[in-house]
Structures are given as structure tokens and as C-alpha cells.
Amino acid sequence: MTQVSARASWDICTGASRDTVNNQGLGSKLRAAAPAVEKAAEIYRGAALSSSLHDLRSQDFQIVGVPGPTVSGIVYESGMRGGSGRVIYEAVMEGRDEDLCPMCWHSEMSELDHVLPQKAFPALCVAPDNLVGICEYCNFKKSDDTSDDARKVLLHPHFEDVSTEVWLAAEVIPGTKGALRYSVDPPPGWDPVLKDRVRNQFGQMEMVTRYGNRAQQTLGGMRQIFGTQLKKNGATGLRVFLKDLAASHQAVNLNGWAGVAYDAWAEDTDFCCGSFNGTRIPAARGKHLDSPDYKIKWVQNGARHTSSVRYSAAAVGEYAGLKRAEEGVSDVRIALAK
């Protein structure tokens, strides 16, 4: 993110605004508002740092004597996007270490978005803290909606980071050749409001469908490789291969759709036995239909995981042994599946 202050950004973007006979000194009004804009940006930053943007009200971020749409049209559209402030626009777009949209963690960033809408909060229309590069799809889904409900406020990419803990999960949809259903499974230590916010963002950006489609496309190109691994090394060898792929992706992004996909496929017994090719091999649990089902629980890199499939007593011990042999895995437990 650019280090240009909100005051400097406003001064640059209003520098070319002129007073004319018909605009009633509009240029002077905008430039005179710089101190108020600076104060508004300070209030905004404080709210962002304390995750309380939902408490901010539009009426407190107006430019005296100038309607919000007029401010955004002149200061942002003409002054920033098409004027001397373009360098700030580009700095915000290029200021993140990663290229993926921070709203969906899926598509490439392509346009600049206002966290709080520019016409409703005109004093923040060129404040760098309020500008975020996101993808076109998320910009459309986000729209100009705001909420006074803390649970429905989207994460602020400049001030909030949920990338250090595993919260994304997936499981193979029964009866498919490996199609995945993604979901949010936040760590138990998260604040309830944060859990709701991540779930809300995941749903609003339609990540179940977008991640599922991407995983299905990847699976189509990997079936031959998976089949070769299964033929050469058996189900256990394929599981290890999938786990290695998952670890490679998750070393870069713990909650990326790809790493979670490979991990989910590795966790599915039917998949590792060939269901991705349509081979009808019953899961281990099918051998003892009248017996209780079990799941595996374990800790890896500080995060608690639970297997997404159920196992019979005949299979659960073998899989628990495989988990214990993995690097970074501890506290492997066998539990009855509810």
C-alpha cells in the first residue's frame, strides 16, 4: 500500500480543480476541505484498526457545500483516475506482495475499490487506506453496500489478516469423481464475530462455486497423473503424492483452494482407490456396514484437523499410522464419527 497520506492525496487530486463562474468556487471549496479530509482519514484509520468500520456514519464524512457524487466525480474520477493522482492509484494497485484479489483469494486484481463507498463517504474518496485493489467479480458482488452489523463487514485487506491460520476446508462430494464442496471451518480460538465475517465474505463472493469449479478444472488435467501414481504405488502412494502437493501449495497459502483441494482428495479413501477415474472400489467403511464409523483427528503446524471421510475399524488404524508418520503431525486421535 502506498505511503502517501490522505491529506497529500487530496491536495494532489484537487490541485487542478478550478473556480468558474458557474461552479460557485468549487475548486476553492474542495481545496479548503483538506483539513477536514485529514481528520476524517484519521477517524477511519482508527475504526479500521479496531474493526469498527460498521460504527462510521456517512453524514460524518461529507464535504461541506458539495454533494457526494460531485466530490467523487471531480476528486476521484478526474483527479485520481484521470489526473495527477494517477500515480497514487497505481501505487495502491501495485502495493501488495501478492497478485490475487484479497476479497476472494482466487482471481487476479484488476480494479480499485473503495472499502466505504466514495459517493456516500466523499471525504474518503482518495484516502489510500480506503482504496483496495480487487478483482472485477468481487467488486461487482461487493457493490456499494455497507452494514452497521459487525458480523457482515468484509475484512479490510490493509488492516486484517486471516492468512496465518487454517480456516478453509473441503470434502469430496459423495457419488462424484472427486468434485469438492468447500466450506469455512474457522479455528476454535477465533472471536465469534470474526468467524461470522469470514463466513459472510466467503458466501457473498460465492467462493463455494468459484473454488469448486477451479478444483474441478484442475482435477480434469491431473487424472492421468493420479492414475499413474495409483498404478505404480497403490492407494497409499497416491495419498502420499497428494499430501506432498497439498503441502507445497499450503507452504505459500494455507487457505488457497489448491492446497485444500489436494488435501481433501488425499483424505478421501475412495478417491485414493480410484474413484476419480470412475473406478468403483468400495470405501473401507463399506466392509462393515453394521459397525460404527470413525474419524481421525490430528494437529499439524499448530492447527487442529479432522478427516473429511469416515472409516471402519479395519481401516482407521492404518490411516492413523500414516498420519503419525507425516512431518509436523502430532496428537493423532481416533474418534467415533457423529
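Rundown of residues vs (1) out of contact with any helix residue (DSSP H, G or I) (no Cβ under 6 Å at 6 or more places or on another chain); (2) small (Gly, Ala, Ser), yes/no style:
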position	(1), (2)
Gly68	no, yes
Gly95	yes, yes
Cys101	no, no
Val115	no, no
Pro122	no, no
Asn130	no, no
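Just to be sure before I move on: is Met103 crowded, with 17+ Cβ neighbours inside 10 Å and in contact (Cβ under 8 Å) with a residue 40 or more places away in the chain in the structure I sent? Considered against the rule, which asks whether it is crowded, with 17+ Cβ neighbours inside 10 Å and in contact (Cβ under 8 Å) with a residue 40 or more places away in the chain, Met103 comes out as yes. Criterion applied to Val132, Val126 was being assigned to a strand (DSSP E or B), of a type in the set (A, V, I, L, M) and touching a residue at least 24 places away in the same chain (Cβ under 8 Å), and the one residue passing it is Val132. Working only within region 119-128, note down all residues that are surrounded by fewer than 24 Cβ atoms within 10 Å (Cβ to Cβ) and under 13 Å from Val92 (Cβ atoms). Matches in region 119-128: Pro128 only. Only one of the numbered conditions (1) under 27 Å from the mean Cα position of the chain (by Cα); (2) at pLDDT 90 or above is violated by Thr2, and that is (2). In this structure, is Leu112 over 16 Å from the mean Cα position of the chain (by Cα), modelled with pLDDT of 95 or more and either under 22 Å from Leu30 (Cα atoms) or surrounded by 16 or more Cβ atoms within 10 Å (Cβ to Cβ) (or both)? Answer is no for this residue.
For every residue, the table says whether it meets (1) of a type in the set (Lys, Arg); (2) touching a strand residue (DSSP E or B) at 6+ places or on another chain (Cβ under 9 Å); (3) at negative phi.
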| residue | (1), (2), (3) |
| --- | --- |
| Gln24 | no, no, no |
| Leu49 | no, no, yes |
| Gly65 | no, no, no |
| Thr70 | no, yes, yes |
| Glu77 | no, no, yes |
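Across region 309-324, the number of residues qualifying as within 31 Å of the chain's Cα centre (by Cα), open to solvent by 80 Å² or more (accessible area, probe 1.4 Å) and of a type outside the set (Lys, Arg) comes to 0.
Let's see how each residue does on (1) in contact (Cβ under 8 Å) with a residue 24 or more places away in the chain; (2) in contact with a Leu (Cβ under 6 Å, 6 or more places away or on another chain):
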| residue | (1), (2) |
| --- | --- |
| Leu230 | yes, yes |
| Asn233 | no, no |
| Arg239 | yes, no |
| Lys243 | yes, no |
| Ala247 | no, no |
| Leu254 | yes, no |
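Of all the numbered requirements in (1) in contact with a helix residue (DSSP H, G or I) (Cβ under 6 Å, 6 or more places away or on another chain); (2) open to solvent by 50 Å² or more (accessible area, probe 1.4 Å); (3) of a type outside the set (Phe, Trp, Tyr); (4) under 19 Å from Met207 (Cβ atoms), Asp148 misses one, and that requirement is (4).
The values are calculated or read from the model by the stated rules, or taken from the named source; none is laboratory data. In this text the structure is predicted, and so the values were computed from the model without any measurement. All Cβ positions, glycine included, derive from the backbone under ideal geometry; neighbour counts span all protein chains shown. Just so you know, the surface numbers come from the protein's heavy atoms only, side chains and all, with ligands and any DNA or RNA stripped out. Shrake-Rupley method; radii C 1.70, N 1.55, O 1.52, S 1.80 Å.
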